[in-house]
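Every number in this text was worked out from the coordinates using simple rules, so none of it is lab data. In this text the structure is predicted, and so the values were computed from the model without any measurement. Cβ sites come from the backbone with ideal geometry, for glycine too, and all protein chains shown count toward neighbours.
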Amino acid sequence: MLATAGRTKSKRSRNVSTFLILGLFVLALRSVPANAQNAVVLVGSGSSVPAPLYNRWTQEYAKHNAGIQMRYLTVGTTEGIKQMSHGAGDFGAGEAQLTDKERKEGGLVELPVVLVGIVPIYNLPDVHQELRLSGEVLAGIFLGDLKVWNAPQIAKLNPGMDLPNLPIQVVNRPAGKGSNYVFTEFLSKASSKFRAEVGTTPSPKWPVGTAAERSSDMAEKVKSSTGSIGYVEYQYAVKNSIPQAAVLNPAGKFVKASDRSIAAACEATEAPRWNSFSASLTNAPGADSFPITSFTWIYLRSAPSDSARAIALGNLLDWVYSDGQQFAVQEGYAELPAALLASVRKRAKDLQ
């Protein structure tokens with residue numbers, strides 16, 4: 001009886017979610033300008049991490065091809081994948097690797113779009129030196145084991161720094177977020193305790209902290225709360241002028257996120273074959289590698305049923321993996337290395 005009720009509740013939740021996203025799709029379609037009413041409108045949904053880039057692509061692509069419009073809805077990585085699996089929308093986007101079930105039963109594939117770095121951000125106004133953190137210390141903070149900023153474990157990584165005796169205010173992301181997946185994957189690799197108690201997941205059960213719904217909310221909460229720490233995609237930290245910590249990588253170097261250090265992590269993982277499109281980039285080898293690096297992926301159907309929309313999506317992907325890359329750089333994301341970009345573009349054509 002209880003099992004039946006649970007299944008009914010789960011089914012009802014999925015139906016409500018699907019109806020919600022379909023309603024958003026309708027609103028997106030209604031926003032198409034009057035002079036483009038005959039255009040094919042491609043609708044995607046997913047993570048807020050690449051949202052500024054997809055929004056920029058929406059504007060720029062429309063200048064070159066009025067016959068194909070794009071709309072992107074920020075609903076979270078997990079929800080974007082779910083909607084693609086349920087047949088809603090034309091593409092998804094996010095930072096979580098697809099599961100075997102999503103690939104086989106959902107008929108989905110993931111292709112890298114750009115590189116992202118998930119950076120620890122903090123608010124310590126009286127600390128003017130560069131803060132250094134390790135994966136083990138970050139795990140202790142987000143597990144709630146380290147409660148004050150001058151804890152011995154933090155002080156040991158920052159000799160000579162006058163750390164305040166201030167409570168650590170943890171800010172995290174709620175369930176279904178791609179940045180959760182990348183951050184928890186890194187922490188799980190760095191800490192056996194974190195791996196056992198939380199694990200790698202887009203929906204962690206955080207033992208401490210307050211939630212920030214979107215990447216922009218995370219940036220705002222940390223920026224406005226003294227003693228706080230959170231994590232956000234690199235370009236959000238840069239654009240909001242929020243201090244970010246240098247993170248200890250497997251080579252024993254403290255590295256801050258930058259276009260170069262994020263690209264170094266990808267190159268160390270992908271070279272020389274340049275074809276591991278779903279590879280994990282966290283804790284990549286190499287002295288210059290930023291250890292909390294990931295792809296942000298576009299999720300596609302391996303066998304689209306609508307030929308007209310498939311052709312339109314193929315045209316869009318051709319542009320994304322050529323002219324569109326310049327806008328990724330302008331929006332603060334690290335572009336794919338040239339050799340990998342060529343491999344991804346070929347794979348995108350094979351799917352058309």
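Between the residues LEU336, GLN326, ALA348, the greatest Cα displacement towards the positive end of the dipole of the chain, with unit charges on the Cβ of Lys, Arg, Asp and Glu, is found for ALA348. Note on the range 117-293: antiparallel DSSP beta bridges, both residues inside, total approximately 60 percent of the bridges counted. Here the scattering of the range 286-335 is modelled by Debye summation over its C-alpha atoms, one equal scatterer each and no solvent; at q = 0.28, 0.29, 0.30, 0.31 Å⁻¹ the log10 of I(q)/I(0) is -1.10, -1.13, -1.15, -1.17. Computed per residue of the chain from DSSP H runs no shorter than four, each worth -39500 (n - 2.57), the mean residue ellipticity at 222 nm is -13000 deg cm²/dmol. Using C-alpha pairs under 8 Å with a sequence gap of at least 6, the mean separation divided by the residue count of the range 87-225 gives a relative contact order of 26 percent. For GLN59 and ALA175, the difference between the fully extended length at 0.36 nm per residue and the C-alpha to C-alpha distance is 38.8 nm. Stokes-Einstein, applied to the Kirkwood radius of the range 136-202 over Cα pairs at a viscosity of 1.567 mPa s and 4 °C, places its translational diffusion at 102 µm² s⁻¹.
Principal semi-axes of the equivalent ellipsoid, √(5λ) from the alpha carbon gyration tensor of the chain, are 35, 23, 19 Å from largest down. Computed about its Cα centre, the charge dipole of the range 117-293 is approximately 220 debye, with only Lys, Arg, Asp and Glu carrying charge at their Cβ. With both labels modelled 7 Å from their Cα along Cα-to-Cβ, the GLN326 to ARG273 distance reads 3.4 nm. Given LYS156/LYS193; LYS82/LYS239; LYS147/LYS221; LYS63/LYS177; LYS147/LYS223, which pairs have Cα atoms separated by over 24 Å? Check vs 24 Å cut-off fails for LYS82/LYS239; LYS63/LYS177.
Using every Cα-Cα pair within the range 117-293, state what percent have a distance larger than 28 Å.
Percent of Cα pairs beyond 28 Å in the range 117-293: 16.
Bridgeable aspartates and glutamates around LYS205 (alpha carbons under 17 Å apart, same-chain partners fewer than 8 residues away excluded): ASP145, GLU185, GLU197, GLU213. Note on the chain: GNM, Cα springs under 10 Å; of GLY252, GLY199, GLY176, the largest mean-square fluctuation is that of GLY252.
The charge dipole of the chain, taken about its Cα centre with unit charges on the Cβ of Lys, Arg, Asp and Glu (plus for the first two, minus for the last two), comes to roughly 940 debye. Report the calculated FRET efficiency for ARG347 and GLU197 (r = Cβ-Cβ distance, R0 = 25 Å), to the nearest 0.05. Between ARG347 and GLU197 the formula returns 0.10.
The residue among ALA219, ASN180, LEU138 whose Cα reaches farthest toward the positive pole of the charge dipole of the range 125-221, with charges on the beta-carbon of Lys, Arg, Asp and Glu, is ASN180.
Put the Cα centre of the range 221-239 next to the Cα centre of the range 273-352 and the gap is 27 Å. Can you give the relative contact order of the range 116-191 as a percent, counting alpha carbon pairs under 8 Å and 6+ residues apart? Rounded, it is 37 percent for the range 116-191. Over the range 290-352, Cα pairs under 8 Å with separation of 6+ residues give a relative contact order of 43 percent.
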